[in-house]
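Heads up, the thing below is written out as structure tokens.
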Amino acid sequence: MEALFSQAGMERSSKAFNVRINSETDERGPSFNVNMRSQYESCDFETRSLILSFPVENYMRNPAGVMHGGAVAGAMDITMGSLTFYCAGEFLTPTINLNVSYERPVPTGGRLLVEAQCHSCGKTMAYATAKAWVEGKPEKIVATASGTYYTASGMK
């Protein structure tokens, strides 16, 4: 088996964690993560980055008919949280702080891609940033975010 902290280990871990969060269902029903339906796209061990995609479904729209800001924030948080889970050695990393800047509306019907990068990961906290774009338009960033995550949960 490959080492966790390698390109192959990161790919395995990121794909497995994505499957995990997409199946979080109990007697209360599916979690928020399940409803977001994230999909693993790629990761890069050297840059400590991860790309997930999310379908922008009709139920996610706000009164203006575009993706609700909370759903955009959720997609960015899921991506950064998935990356910090890996960087923390596969321990759950609850969000401590999340800041999102919205730059463009996200139309429904397509896919939102989010790329997160982990800048530091220590014994108690990790810091990550993210940028999002609509599929096919990577040059037009629709939102950016930064997040701080708790790495000392001890929970797998």
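The values are calculated or read from the model by the stated rules, or taken from the named source; none is laboratory data. Because the structure is predicted, anything quoted here is derived from the model rather than measured. Neighbour counts run over all protein chains shown; Cβ positions are idealised from the backbone, glycine included. When the accessible area is computed, the model is the full protein with side chains, heavy atoms only, and any ligands, DNA or RNA have been set aside. Shrake-Rupley method; radii C 1.70, N 1.55, O 1.52, S 1.80 Å.
Values as computed for the structure displayed
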| item | result |
| --- | --- |
| Calculated over region 65-156: convex hull of Cα atoms, volume per residue (Å³) | 86 Å³ |
| Interatomic Cα distance distribution for the chain, bins of 10 angstrom, percent | 12, 42, 35, 11, 1 |
| Antiparallel %, DSSP beta bridges [both residues in the chain], to 5 | 100 percent |
| Amide proton proximity set for residue 108, modelled H, under 5 Å, gap of 5+ | 67 |
| Solvent-accessible heavy-atom area per residue, rounded to whole Å², over the chain at 1.4 Å | 51 Å² |
| Exposed chymotrypsin sites (Phe, Trp or Tyr not before Pro) absent: longest stretch of the chain, with sites in DSSP loops and at most 16 other Cβ within 10 Å deemed exposed | 92-156 |
| ³J(HN,Hα) computed for each position of region 90-99 - Karplus, 6.51 cos²θ - 1.76 cosθ + 1.60, integer Hz, glycine/proline x | 6, 10, 4, 10, x, 6, 9, 8, 9, 10 |
| Note, ³J(HN,Hα) from phi for region 22-37, Karplus 6.51, -1.76, 1.60, rounded to Hz, x at Gly and Pro | 7, 10, 6, 9, 9, 4, 8, x, x, 7, 3, 4, 4, 5, 6, 6 |
| Alpha-carbon centroids, region 99-154 and region 1-41: separation in whole Å | 16 Å |
| Net charge over other residues, Cβ less than 10 angstrom from the Cβ of residue 131 (K, R count +1; D, E count -1) | -2 |
| Range in the chain, longest, excluding exposed GluC sites (Glu not before Pro) [loop by DSSP; at most 16 other beta-carbon atoms within 10 Å] | 58-89 |
